[in-house]
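Below: one structure in structure tokens.
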Amino acid sequence: MSGANSRTVRRAQAGTTEAPWVRYTLITLALGFMLLFLVLPLAAVFAEALRKGFGAYLEGLREPDAWSAIKLTLITALIAVPLNLVFGVAAAWCIAKYEFKGKAFLTTLVDLPFSVSPVVAGLIYVLMFGAQGWFGPWLMANDIKIIFAVPGIVLATIFVTFPFIARELIPLMQAQGNDEEQAAIVLGATGWQTFWYVTLPNIKWGLLYGVILCNARAMGEFGAVSVVSGHIRGQTNTIPLHVEILYNEYQSVAAFAAASLLALLALVTLVIKTIAEHRNEQALKAAAELPPERPAPAGV
Amino acid sequence: MTTATAVAAAPAGRRAPKRVLPGFGLSLGYTLFYLSIIVLIPLSALIFKTFTLTWEQFWAAISAPRVMASYRLTFGASFLAALVNLVFGLLIAWVLVRYKFPGKKIVDALVDLPFALPTAVAGISLTALLAGNGWVGSILEPMGIQLAFKPAGIVIALIFIGLPFVVRTVQPVLEDAEKELEEAATCLGATRLQTFTKVILPSITPALLTGFAMAFARAVGEYGSVIFIAGNMPMVSEITPLIIIGKLEQYDYAGATATAVAVVMLVISFILLLIINALQAWQRRHAGAPA
């Protein structure tokens, strides 16, 4: 009787996995696909950049236009990311912590920039601030340049990276609920104190995760920035646009050298992302494992 | 939901204060303000600009043969790429959740590479690989297969761009799936393949479709990775976003084509967004259903 039982158990356990040859075939297929579609393109960036040796690689980076592109990229990210950070926290606070009419619609609108083509994102700012746009004549009369200048690049970058941080924070803050914040308020904390000492420590890893993804996209955006930049060398070229110009001029090594900077940024992003994700999971697990609150037994 | 439980927990009979946490007005107000100036007002500029066109102008712009060819290419290539990602995304998610192998953590992290790697970098790198003198192209071209500067190259770039979506939507659902159901199926005499198609697949279908729709939506609007590899021949390998760029580069702002085509793309992306939202709601209901 017990023999029949253990046979059933064995069969059931075998039923939740596959024969070894199926397992190995599936793993090989999955890894092969990833090797072909992810690892090979990444490796090709560095291989092409170093094709004529390390000296040519450095030469490609030492160009003055490359430096101004790097500077502009850093400035753009330095403006766009903090602005979207403040927005992300505000949006996540009102969407995750309260119930109100139209919340689902608001969430959809926050997500909207993700599904708009980058080219359309650039175009809408041209229609607003371009020479023939809504504010074009007024801007020209006051000698303010937005399109084909740095402000336009910053605006387009803000648009395409708009939802990143809000999107990371909303589900996280919804999962954590309001209990801790309510306790803080009841104990007399102000709203800002509650945010700084209760909410922020809880969401810090999710926040970091959102910020680095936002930053990677801000530094790497191509389509939207390409529409509003005007491609003025040394002035309105970000690194991705610089890569495009060099590539189209058949300066392959210099193009891939600049591209390798962005590929390195991507790798660093993935490493920080993996760490932040891991920490975030641990924090959630620790919170879930906390014993339910009850008065400590006397005398222990 | 959390507010509902908080209200329910308040002593019955006394009306609980409506909102304990401060900052609702401030955070909602700022969210609406920022959303308006960055997203809503600029998007409405596009809509208003289109209203200055007559219906005939609008229709002529969006149905010109060259534009129609670009829709066919954009949607066809995006659909094919999303389909490939559906199959291989499921495979990768399955392997990452169910099997153990050395280097799994690195492989898992690498899945997000297309999110982190700028599209222009992906574009030139894929082109270098697939061109006649590239690592892959030099093997394929003697066999008569040319991928770079052809529509096939566009599909490859879009596969790269969309790869993480299906993996990242299916992975958490597979992780939460209850193995007891599979054990029960096996005990009742199902083969492993039957268990997969009748028990596992239905439970991950909403997630699979969500990932598919996301990959498709992303691919339709994609520009950076495609233009380097596409060859950009009108009627053959010119994607819809490139039509808009082309018109802008001719300083054809007053012309109808750029704005009209952009409105078409905007409407399509909004519809796709609503479909994705509906799929996600379905997925949540699916997950919330009693096991």
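Out of all the residues in segment B:237-259, which are under 23 Å from the mean Cα position of the chain (by Cα) and more than 10 Å from chain A (Cβ to nearest Cβ)?
Answer for segment B:237-259, where residues must be under 23 Å from the mean Cα position of the chain (by Cα) and more than 10 Å from chain A (Cβ to nearest Cβ): B:Ser237, B:Glu238.
Does segment A:98-118 hold any residues that are aromatic (Phe, Trp, Tyr), more than 7 Å from chain B (Cβ to nearest Cβ) and crowded, with 17+ Cβ neighbours inside 10 Å, and which are they? Give the derivation first.
Within segment A:98-118, the first condition is being aromatic (Phe, Trp, Tyr), and the residues that meet it are A:98, A:100, A:105, A:114.
Imposing the further condition that a residue be more than 7 Å from chain B (Cβ to nearest Cβ) reduces the set to A:100, A:105, A:114.
Matches in segment A:98-118: A:Phe114 only.
Let me ask something else about it. Kindly evaluate B:Pro234 against the criterion of being assigned to a loop (DSSP other than H, G, I, E, B) and either surrounded by fewer than 21 Cβ atoms within 10 Å (Cβ to Cβ) or facing chain A (nearest Cβ under 10 Å) (or both).
On the way: assigned to a loop (DSSP other than H, G, I, E, B): yes; either surrounded by fewer than 21 Cβ atoms within 10 Å (Cβ to Cβ) or facing chain A (nearest Cβ under 10 Å) (or both): yes.
The answer is yes for B:Pro234.
If you take the residues of segment B:100-147 that are among the basic types (Lys, Arg) and touching a helix residue (DSSP H, G or I) at 6+ places or on another chain (Cβ under 8 Å), which of them is surrounded by the fewest Cβ atoms within 10 Å (Cβ to Cβ)? I'd like the intermediate steps shown before the answer.
Pass one, segment B:100-147, residues among the basic types (Lys, Arg): B:100, B:104-105.
Applying the additional criterion that residues be touching a helix residue (DSSP H, G or I) at 6+ places or on another chain (Cβ under 8 Å) yields B:104-105.
On the way: B:Lys104: 13, B:Lys105: 11.
Restricting to residues being among the basic types (Lys, Arg) and touching a helix residue (DSSP H, G or I) at 6+ places or on another chain (Cβ under 8 Å), the top hit is B:Lys105.
Any idea how many residues of segment A:227-244 are in contact with a helix residue (DSSP H, G or I) (Cβ under 8 Å, 6 or more places away or on another chain) and either part of a loop (DSSP other than H, G, I, E, B) or under 19 Å from A:Arg51 (Cα atoms) (or both)? Outline the logic, then answer.
If we filter segment A:227-244 for residues that are in contact with a helix residue (DSSP H, G or I) (Cβ under 8 Å, 6 or more places away or on another chain), which is where we start, we get A:227-229, A:231, A:233-244.
With either part of a loop (DSSP other than H, G, I, E, B) or under 19 Å from A:Arg51 (Cα atoms) (or both) added as a condition, the list becomes A:231, A:233-238, A:243-244.
Going through segment A:227-244 one residue at a time, the tally reaches 9.
Something else now. Can you tell me which residue is nearest to B:Asp112 (Cα to Cα) among those in segment A:240-278 that are at the interface with chain B (Cβ under 8 Å from one of its Cβ atoms) and touching a Lys or Arg at 6+ places or on another chain (Cβ under 9 Å)?
Step by step, filter segment A:240-278, then rank; the result is A:Thr274.
Between a first residue in segment A:150-167 that is free of Cβ contacts under 8 Å to residues at least 24 places away in the same chain and a second residue that is of a type outside the set (Phe, Trp, Tyr) and surrounded by fewer than 24 Cβ atoms within 10 Å (Cβ to Cβ), which pairs have beta carbons less than 9 Å apart while being 6 or more apart in sequence or on different chains?
If the second residue must be of a type outside the set (Phe, Trp, Tyr) and surrounded by fewer than 24 Cβ atoms within 10 Å (Cβ to Cβ), the pairs left are A:Pro151/A:Ile144; A:Pro151/A:Lys145.
A:Ala283 fails exactly one of the following numbered conditions: (1) at pLDDT below 80; (2) surrounded by fewer than 16 Cβ atoms within 10 Å (Cβ to Cβ); (3) touching a helix residue (DSSP H, G or I) at 6+ places or on another chain (Cβ under 8 Å). What is the number of that condition?
Tallying (1) at pLDDT below 80; (2) surrounded by fewer than 16 Cβ atoms within 10 Å (Cβ to Cβ); (3) touching a helix residue (DSSP H, G or I) at 6+ places or on another chain (Cβ under 8 Å), A:Ala283 fails exactly one: (2).
For B:Val84, indicate whether it is at pLDDT 95 or above, over 28 Å from B:Val263 (Cβ atoms) and not polar (S, T, N, Q). Steps first, answer last, please.
Working: at pLDDT 95 or above: yes; over 28 Å from B:Val263 (Cβ atoms): yes; not polar (S, T, N, Q): yes.
Judged against the criteria, B:Val84 is a match.
Additional query: Which one of these is of a type in the set (A, V, I, L, M), within 20 Å of A:His231 (Cβ to Cβ), away from chain B (no Cβ under 11 Å) and buried (at least 21 other Cβ atoms within 10 Å of the Cβ): A:Ile165, A:Ile153, A:Ile147?
Answer to the check: A:Ile153.
Which members of segment B:83-119 meet the condition of being outside any helix (DSSP H, G or I) and facing chain A (nearest Cβ under 7 Å)?
The initial filter retains those residues of segment B:83-119 that are outside any helix (DSSP H, G or I), namely B:99-103, B:111-112, B:117-118.
Across segment B:83-119, the qualifying residues are B:Tyr99, B:Phe101, B:Asp112, B:Leu117, B:Pro118.
Oh, and also: Looking at (1) within 24 Å of A:Ile272 (Cβ to Cβ); (2) surrounded by 18 or more Cβ atoms within 10 Å (Cβ to Cβ), can you tell me which one A:Glu181 breaks?
With respect to (1) within 24 Å of A:Ile272 (Cβ to Cβ); (2) surrounded by 18 or more Cβ atoms within 10 Å (Cβ to Cβ), A:Glu181 is out only on (1).
Is it the case that some residue within segment A:220-237 is surrounded by fewer than 24 Cβ atoms within 10 Å (Cβ to Cβ) and of a type in the set (A, V, I, L, M, F, W, C)?
yes
Being among the aromatic types (Phe, Trp, Tyr) and either out of contact with any helix residue (DSSP H, G or I) (no Cβ under 9 Å at 6 or more places or on another chain) or exposed (fewer than 12 other Cβ atoms within 10 Å of the Cβ) (or both) is the filter here; which residues of segment A:184-196 pass it? Don't jump to the end; show me each part of the working.
In the first step, residues of segment A:184-196 are kept if they are among the aromatic types (Phe, Trp, Tyr); the result is A:192, A:195-196.
Those that are among the aromatic types (Phe, Trp, Tyr) and either out of contact with any helix residue (DSSP H, G or I) (no Cβ under 9 Å at 6 or more places or on another chain) or exposed (fewer than 12 other Cβ atoms within 10 Å of the Cβ) (or both): A:Trp192, A:Trp196.
Let me ask something else. Residues that are within 11 Å of chain A (Cβ to nearest Cβ): list the helices (runs of 4 or more DSSP H) wholly contained in segment B:129-209 that include at least 3 such residues.
On the way: elements: B:137-140, B:151-176, B:179-187, B:192-195.
Result: B:151-176, B:179-187, B:192-195.
Now, a different point. Quick one: is B:Val167 more than 18 Å from B:Ala93 (Cβ to Cβ) and crowded, with 21+ Cβ neighbours inside 10 Å?
Working: more than 18 Å from B:Ala93 (Cβ to Cβ): no; crowded, with 21+ Cβ neighbours inside 10 Å: yes.
Answer is no for this residue.
Condition check ((1) over 20 Å from B:Val84 (Cα atoms); (2) without any contact (Cβ under 8 Å) to a residue 60 or more places away in the chain; (3) in contact with a strand residue (DSSP E or B) (Cβ under 8 Å, 6 or more places away or on another chain)) across all residues:
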position: B:Val136; (1), (2), (3): no, yes, no
position: B:Ile139; (1), (2), (3): yes, yes, no
position: B:Met143; (1), (2), (3): yes, yes, no
position: B:Val167; (1), (2), (3): no, no, no
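Examine segment A:44-67 for a residue that is within 9 Å of chain B (Cβ to nearest Cβ), part of a helix (DSSP H, G or I), within 24 Å of the chain's Cα centre (by Cα) and over 25 Å from A:Thr236 (Cβ atoms), and state whether such a residue exists. Working first, answer last.
So in segment A:44-67, the residues within 9 Å of chain B (Cβ to nearest Cβ) come out as A:44-45, A:47-48.
This time we only want the ones that are part of a helix (DSSP H, G or I), so: A:44-45, A:47-48.
If we keep only those that are within 24 Å of the chain's Cα centre (by Cα) as well, we get A:44-45.
Still in the list and also over 25 Å from A:Thr236 (Cβ atoms): A:44.
Yes: segment A:44-67 contains one or more residues that are within 9 Å of chain B (Cβ to nearest Cβ), part of a helix (DSSP H, G or I), within 24 Å of the chain's Cα centre (by Cα) and over 25 Å from A:Thr236 (Cβ atoms).
The values are calculated or read from the model by the stated rules, or taken from the named source; none is laboratory data. Keep in mind the model is a prediction, meaning the values are calculated, not measured. So basically every Cβ, Gly included, is an ideal-geometry build from the backbone, and we count neighbours across all protein chains shown.
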